[in-house]
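Have a look at the structure below before the remarks.
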Amino acid sequence: MPDTLFHENEFDNGTSHPKIYSASLQPLLQSLLATLADIDFDYEKECERASRTAPDINNRIRALEKIKLRHRERREPYIQQLAVLQRRMMELKAG
């Protein structure tokens with residue numbers, strides 16, 4: 001089991017329950033999470049810009065709805081990849 005990393009749960013009130021992540025899966029996990037964070041940051045910036053620049057409330061609402069839809073569409077493939085990765089990690093932990 002040389003490719004497995006153990007991480008202590010920092011939010012555990014003093015008790016220690018190690019979490020096991022495969023070293024080969026950790027970079028993918030970090031990459032997926034970083035991509036999602038970037039997408040969320042872009043979403044927030046676009047919402048702020050639309051809120052500032054839309055000429056009236058109806059245009060603002062339509063713009064924000066489009067931004068929200070695009071945000072969901074951009075996130076979905078990464079969320080699916082995270083679900084696959086989570087299943088693989090659980091299989092490794094159980095096996």
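A single member of 23, 54, 37 is in contact with a strand residue (DSSP E or B) (Cβ under 7 Å, 6 or more places away or on another chain), at pLDDT 50 or above and of a type in the set (A, V, I, L, M), and it is 23.
Note on region 43-55: among residues that are touching a helix residue (DSSP H, G or I) at 6+ places or on another chain (Cβ under 8 Å) and part of a helix (DSSP H, G or I), the one that is nearest to residue 82 (Cα to Cα) is 43. Within region 77-86, is there a residue that is aliphatic (A, V, I, L, M) and more than 27 Å from residue 31 (Cα to Cα)? No: zero hits.
Within region 32-44, residues that are closer than 14 Å to residue 79 by Cα have Cβ atoms under 8 Å from residues that are of a type in the set (Ser, Thr, Tyr) in these pairs: 32/78; 35/78; 36/78; 39/78, counting only partners at least 6 apart in sequence or on another chain.
Can you tell me which residue within region 20-74, out of those that are over 17 Å from the mean Cα position of the chain (by Cα) and of a type in the set (Val, Ile, Thr), is surrounded by the fewest Cβ atoms within 10 Å (Cβ to Cβ)? So, considering only residues that are over 17 Å from the mean Cα position of the chain (by Cα) and of a type in the set (Val, Ile, Thr), the one surrounded by the fewest Cβ atoms within 10 Å (Cβ to Cβ) is 57.
The values are calculated or read from the model by the stated rules, or taken from the named source; none is laboratory data. All figures in this text were calculated on a predicted structure; none of them were measured in a lab. FYI the Cβ positions are ideal-geometry reconstructions off the backbone, even for glycines, and counts take in every protein chain you see.
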